[in-house]
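Throughout, read-outs are computed from the coordinates displayed, never taken from laboratory work. Just so it is clear, the structure is predicted and the values come from calculations on it, not from any experiment. We place every Cβ from the backbone using ideal geometry, glycine too, and count neighbours over all the protein chains shown.
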Amino acid sequence: MAVNVALLGAGRIGKVHAKAVGVTDGAKLVAIADAFEDAAKALAQTCEARVSTIDAIAASDDVNAVIICTPTTTHADLIEQFARAGKAVFCEKPIDLSLERTKSCLKTVQDCGAVLMLGFNRRFDPHFQAVRGAIDEGQVGSVEMVQITSRDPEAPPPSYIQSSGGIFRDMTVHDFDMARFLLGEEVTTVYATASVLVDPEIGKLGDYDSATVVLTTASGRQCSISNSRRATYGYDQRIEVHGSKGAVAAENQRPVAIEVATEDGFVRPPLHDFFMTRYTEAYAAEIAAFVHAIETGTTPHPTGEDGLKALILAEAALKSVAERRSVGVDEI
């Protein structure tokens, strides 16, 4: 029996998830809701789903699960609404920009016994998963140091910055989750520096566009994160894990993996231009994992607790920048 899915939000990321549902065995997209009805209608026609409302979806007997792709400010309320309605919930990160609101939302989810999976899609990237696989198989020995590079092709507009929660909550949060995914131990201290090197308007809004973070675990394992809102050469996404027996790395990906050699030298195609093409496989894999968890009655990962822990690291990074010191996670 198919898992009937409803999509809340028919924008850019909603379209990505609609496509992912379409290629997932055992899943069927049956309803779409969006504040802009024309957007919902256009996507519904493409996916052969019905246009509905959030309240109608919550009350619907033929919807088993929802995918929340609405603005961040709506996430916690929608998670709670659909947890109470008995629907399995997949939500794009974050649950909320507030730690307290995130915690209260997770309490509701727990009280309802609801299924909640958070959209940290990079865990499902096949290249990053292969790195984790090498760690699990003991190929590099005990993890000692992790390096994560994550740089966007260009800075978002000021209107986005104003509602994003800032670079640490919006961008680095993915890297905080990836650090936890690879380190194998919880982070205990955070040291961060941040600057405005790309767009002065970002600084005027109280945010940063360039950041470096060092995370440390209780045993001394380290992770360094390099973030920039501007990479003129494309969407820069790399990780490396150094261990007691060796190292494993995932390099940048390109739409076409070729190299042309001539008398002028060696040339490779440019990098992917943004997350929608770079992480296509990851988006499909995470929705497949969500559906599988519903079918088998298992707990999907990443959980809401993973989202909370990543947000705590973001808050620690902000405190570190403001106070120019290393911040203990237990201070947050």
List the trypsin sites (Lys or Arg not before Pro) within region 237-332 that fall in a DSSP loop (any state other than H, G, I, E or B) and whose Cβ has at most 16 other Cβ atoms within 10 Å.
Lys245, Arg324, Arg325
So how tilted is helix 75-84 from the main axis of the chain? Cα-based, degrees 0 to 90, rounded to 10.
40
Between region 26-68 and region 163-183, what's the alpha-carbon centroid distance in Å?
29
Can you tell me the orientation of helix 12-22 relative to the chain, as the angle in degrees between its alpha-carbon axis and the longest Cα principal axis, to the nearest 10?
70
If a paramagnetic tag sat 7 Å from the Cα of Glu185 along the Cα-Cβ line, which residues of region 131-164 would have the backbone N under 14 Å from that point?
142-146
Against the longest alpha carbon principal axis of the chain, how many degrees, from 0 to 90 and to the nearest 10, is the axis of helix 304-323 turned?
40
Mind checking which lysines have their Cα closer than 22 Å to the Cα of Lys107? Skip sequence neighbours fewer than 8 apart in that chain.
Lys87, Lys93, Lys309
Ratio of the Cα radius of gyration of region 3-114 to 2.2 N^0.38 Å, where N counts its residues:
1.01
Zone of Ser224 (label point 7 Å along Cα→Cβ, backbone N under 12 Å): which residues in region 136-166?
145-149
Loop only by DSSP, 16 or fewer other Cβ within 10 Å of the Cβ. Give me the GluC sites (Glu not before Pro) in region 143-227 that pass, ordered by residue number.
Glu154, Glu185, Glu186
Could you give the dipole magnitude of the chain about its Cα centre, charging the beta-carbon of Lys and Arg +1 and that of Asp and Glu -1, in debye to the nearest 20?
160
Return Arg151, Arg84 ranked ascending by Cβ neighbour count within 10 Å, so the fewest neighbours appear first.
Arg84, Arg151
From the residues Ala49, Ser60, Phe82, which one has its Cα farthest along the dipole of region 49-112 in the positive direction, the dipole being from +1 and -1 charges on Cβ of Lys/Arg and Asp/Glu about the Cα centre?
Phe82
For Asp125, Asp330, which order do you get if you count the other beta carbons within 10 Å of each Cβ and list the fewest first?
Asp330, Asp125
